[in-house]
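The values are calculated or read from the model by the stated rules, or taken from the named source; none is laboratory data. This structure is a prediction, so every number in the text was calculated from the model and none was measured. Here the Cβ positions follow ideal geometry from the backbone for every residue, glycine too, while neighbour counts run over all protein chains shown. Ligands, DNA and RNA are excluded from the accessible area calculation, which covers all protein heavy atoms including side chains. Shrake-Rupley method; radii C 1.70, N 1.55, O 1.52, S 1.80 Å.
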Amino acid sequence: MTPRTSKRWAVPAAIALALVPFVASAVALIVRVGDAYLPSADQAWIELQVRDIGRRSVLLGPYSRFGWFHPGPALYYLLWLPYRITGSTSLSLCFAALTLNAVALVAIAFIAKRRGGLPLLLLTLFLSGVLMSSLGAQFFRDVWNPSITVLPFVLLVLLAWSLSCGEAWALPVGVGVGTFLVQTHVSYGLTTFTVLVAGVAGAAITAWRRRGDGHDRERMRGWLRMAIVTVVVVAVFWLPVVIQQLTGDEGNLAALARFFRDHGREHSYGDAWHVMASQLSVWPDWLRGRTVRNIYSGALDLSGPTPLPVAALVLVAVAALTWRRAKDAFRFDVVVGVAIAAGFVSVSRIVGAIFPYLVTWTRALGMLTWLAIGWSVARWWQTRSPRDARVGRAALGVVAVALVTVTVVNTVDAARARNPDAAGSRAVRALTAKVRQELPDGRGVVEIRSIGGAGSTWIGAGIADELEHHGIDTRAARDLAFAYGPDRALDGERVRLIVLPVEDADLARARELGCLRDVGRAGKFTLFVGGSRCARGA
């Protein structure tokens, strides 16, 4: 095999290697989990919405604990095809998450190859593998919106870099990925907008520097075509959101606008910088795979000294190196720097306590910072004259070995991963079986209620999801519409059975509801049910 042929095969081989952990994870789900996984809480609500596509309008994004929904339903529509192809079971939800993450990783790899050839491809896949290792195999099986957006956020930053280098195709693709991020989790809004603006600004500067090279008219036509495609992408992605705003009892966009109008910066810039610096330190959270939490609240513990943001300082230093000698790498440094700044501002505007899941995406920024540093050093070395080719080959070999190593680690982790929620799955299965035993004949819906802590609401979502798997229509009590959505809120339908799962702390309160009766326990939950008389009087 000639060197040129081996190099041509190296790219698909590297991408295929990076995908092995996803394949191992899918096989482990089939072999080790099977039908034992039944989702609850957010994952159950997401599955309900995915399964609704084609049956009823799906116009809202995932629910928020603040009573509104994230801006749009892009997540559900992207999950729908892999979910349906793999059987429409609860396990299909995990397969769909793996598919979306695998597609994002492949797109990341192709952009890296386009921007820097095999060296950048290997470096990108290696650092992405390290990020995946720190987050764990279960993370990439999860459709929960704070989890499934992390790799697409890495993709967005690379698209903005390509855009800044004058790649017109990156505009509609970047807007599409950015729309997915914002619709799925609104906290990406500021960072997504800022990164895309940085990409457009970089593209304008690049076009200005290239003026007069004889290709101005051709480039203009290319940008015009991509601008038209971008308008179409925006129209398609945001049409459901506009329809909901104009036709819903209360427009979700209006609710979001009121919420953020009433909530400004709620955290000090010191706390926000502490969060960002934790991903930029000598031993960052994204590398070690854990965060320090407050033992009482579960929020991030920001009481210690702020870590030294070594990576940010190094990024500034390498940007100075690439300013004149490697403009492409310099643009990457700038885009990552802009993302860090926007992320810092975004964290300061988190409403309420800063729980780890709200800032998981900042781990991607930590990884991207070191990717920009590594590539800037590589480009600086490539521009040296003379340079020893043996050094380049040796460095490439080291990165290749590192990629193989981290892939093996991730594959073993994925192969060992078990049920994403074993305890919750057992409770959902047992409680649903009890509900079906108590379900009277006739027409009507099962009404899901909640009492006390969040556990009752979360396990109730799992019961609703499993009942609908069996063709039994469910509705939620009106006070649960914030999670199930307005389409599933009880609205005059005939109720066959009321279902109320209760945690131990709320048993006494539940027993005071005289029309509901205790039909048994499963795990830490006691199940109460009631008939149509309860529906009218309770």
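Of note:
- Elements of type helices (runs of 4 or more DSSP H) contained in segment 430-538, each with 2 or more residues being surrounded by fewer than 17 Cβ atoms within 10 Å (Cβ to Cβ): 454-469, 507-511, 532-537
- Being part of a helix (DSSP H, G or I), closer than 27 Å to residue 51 by Cα, open to solvent by 60 Å² or more (accessible area, probe 1.4 Å) and free of Cβ contacts under 8 Å to residues at least 24 places away in the same chain is a property that does not hold for residue 197.
- Any hit, segment 300-311, residues being at pLDDT 95 or above and crowded, with 23+ Cβ neighbours inside 10 Å: yes
- Look at segment 213-232: where a residue is touching a residue at least 12 places away in the same chain (Cβ under 8 Å) and within 9 Å of residue 168 (Cβ to Cβ) and a partner is open to solvent by 70 Å² or more (accessible area, probe 1.4 Å) and among the basic types (Lys, Arg), sitting 6+ places away or on another chain with Cβ atoms under 9 Å, you get 219/210.
- Matching residues in segment 390-442 - criterion: being within 30 Å of residue 15 (Cα to Cα), in contact with a Gly (Cβ under 8 Å, 6 or more places away or on another chain) and of a type outside the set (A, V, I, L, M, F, W, C): 407, 410, 413
- Every residue from segment 521-537 that is at pLDDT 90 or above, within 37 Å of the chain's Cα centre (by Cα) and of a type outside the set (Lys, Arg): 522, 525, 526, 527, 528, 529
- From the list 428, 445, the one residue that fits, being on the phi < 0 side of the Ramachandran plot, of a type in the set (Val, Ile, Thr) and more than 30 Å from the chain's Cα centre (by Cα), is 445.
- The single condition among (1) over 29 Å from residue 239 (Cβ atoms); (2) open to solvent by 30 Å² or more (accessible area, probe 1.4 Å); (3) over 17 Å from the mean Cα position of the chain (by Cα) that residue 138 does not satisfy is (3).
- Total residues in segment 80-110, condition assigned to a helix (DSSP H, G or I) and either on the phi > 0 side of the Ramachandran plot or in contact with an Asp or Glu (Cβ under 9 Å, 6 or more places away or on another chain) (or both): 7
- Some residue of segment 161-178 being assigned to a helix (DSSP H, G or I), open to solvent by 50 Å² or more (accessible area, probe 1.4 Å) and closer than 30 Å to residue 54 by Cβ: yes
- Matching residues, segment 289-299, being touching a Pro at 6+ places or on another chain (Cβ under 7 Å) and either buried (at least 18 other Cβ atoms within 10 Å of the Cβ) or assigned to a loop (DSSP other than H, G, I, E, B) (or both): 291
Yes or no, residue by residue, for (1) open to solvent by 20 Å² or more (accessible area, probe 1.4 Å); (2) under 21 Å from the mean Cα position of the chain (by Cα); (3) modelled with pLDDT of 90 or more:
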| position | (1), (2), (3) |
| --- | --- |
| 269 | yes, no, no |
| 277 | no, no, yes |
| 314 | yes, no, yes |
| 320 | yes, no, yes |
| 332 | no, no, yes |
| 348 | no, yes, yes |
| 352 | yes, yes, no |
| 355 | yes, yes, yes |
| 363 | yes, yes, yes |
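- Among the candidates 51, 56, residue that is outside any helix (DSSP H, G or I) and more than 18 Å from the chain's Cα centre (by Cα): 56
- Figure legend. Inter-residue proximity from segment 15-26: first residues under 26 Å from residue 119 (Cβ atoms), second residues polar (S, T, N, Q) and open to solvent by 20 Å² or more (accessible area, probe 1.4 Å), beta-carbon distance below 7 Å, spacing 6+ or different chains. Indicated pairs: 20/411; 21/411.
- Of the residues screened, residue 265 is not one that is out of contact with any Leu (no Cβ under 8 Å at 6 or more places or on another chain), exposed (fewer than 11 other Cβ atoms within 10 Å of the Cβ) and at pLDDT below 95.
- Only one of the listed residues (182, 154) is assigned to a helix (DSSP H, G or I) and either at positive phi or open to solvent by 10 Å² or more (accessible area, probe 1.4 Å) (or both). That residue is 182.
- Pairs where the first residue, in segment 506-523, is within 19 Å of residue 428 (Cα to Cα) and the second is open to solvent by 70 Å² or more (accessible area, probe 1.4 Å) and among the polar types (S, T, N, Q), C-beta under 9 Å, 6+ apart: 519/437
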